[in-house]
Amino acid sequence: MNYTVGQKLWYVPTDHRWGRQAEVTVTRVGRKWVELDSGRRVEIGKTHVDGGNYSSPGSLYESKEVYEASEALKEAWWELKRKMDNIRATPSHMTLEKISQIEKIVFNKDG
């Protein structure tokens with residue numbers, strides 16, 4: 001992610017102890033660190049907020065909408081995996097060709 005002074009970002013804490021989700025603003029872009037109006041900082045080229053000697057307190061997203069879309073995709077993927085795991089026998093409508101197509105889509109295989 002490229003950062004610019006004045007840019008609005010969406011902060012998502014890894015744990016409720018690190019605050020709430022909120023919009024933050026880039027206040028300074030240095031050679032190594034980007035400073036935020038929340039008093040936190042993030043390393044150039046990264047999205048995980050600096051935790052000092054501890055784990056990162058949260059992550060930055062381009063916007064709340066980008067974060068929500070990312071979460072919706074993760075949730076849909078986990079739901080699909082859960083449904084697939086519950087299938088005990090090969091569905092009668094499944095074919096080798098369909099399985100091959102699914103593999104190509106999921107694993108981004110060519111040919």
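The values are calculated or read from the model by the stated rules, or taken from the named source; none is laboratory data. Please read these numbers as outputs of a predicted model, since none were measured by experiment. Methodologically, a virtual Cβ is constructed for each residue, glycine included, from the backbone with ideal geometry; neighbour enumeration extends over all protein chains shown.
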Here's a check for you: in the stretch 1-21, which residue that is assigned to a strand (DSSP E or B) and under 14 Å from residue 63 (Cβ atoms) is nearest to the chain's Cα centre (by Cα)?
12
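Of the residues that sit in the stretch 67-99 and are among the charged types (D, E, K, R) and closer than 20 Å to residue 14 by Cβ, which one is farthest from the chain's Cα centre (by Cα)?
Of everything passing the filter in the stretch 67-99, 75 is farthest from the chain's Cα centre (by Cα).
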Exactly one condition in (1) assigned to a loop (DSSP other than H, G, I, E, B); (2) of a type outside the set (D, E, K, R); (3) exposed (fewer than 12 other Cβ atoms within 10 Å of the Cβ); (4) modelled with pLDDT under 95 is false for residue 84; which is it?
(1)
Residue check, residue 19 against (1) more than 30 Å from residue 106 (Cβ to Cβ); (2) out of contact with any Pro (no Cβ under 7 Å at 6 or more places or on another chain), all met but one. Which one?
(2)
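Could you run through the stretch 23-36 and say how many residues are of a type in the set (Asp, Glu), loosely packed, with under 15 Cβ neighbours inside 10 Å and over 17 Å from the mean Cα position of the chain (by Cα)?
As a first pass, look at the stretch 23-36 and keep what is of a type in the set (Asp, Glu): 23, 35.
When the remaining residues are screened for being loosely packed, with under 15 Cβ neighbours inside 10 Å, the result is 23.
Retained after the next criterion (residues that are over 17 Å from the mean Cα position of the chain (by Cα)): none.
Summing the residues that are of a type in the set (Asp, Glu), loosely packed, with under 15 Cβ neighbours inside 10 Å and over 17 Å from the mean Cα position of the chain (by Cα) in the stretch 23-36 gives 0.
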Yes or no: the stretch 57-77 includes at least one residue that is of a type outside the set (Phe, Trp, Tyr) and over 28 Å from residue 106 (Cα atoms).
yes
Residues that are part of a helix (DSSP H, G or I) and either without any contact (Cβ under 8 Å) to a residue 60 or more places away in the chain or in contact with a Lys or Arg (Cβ under 7 Å, 6 or more places away or on another chain) (or both): does the stretch 43-62 have at least one?
no
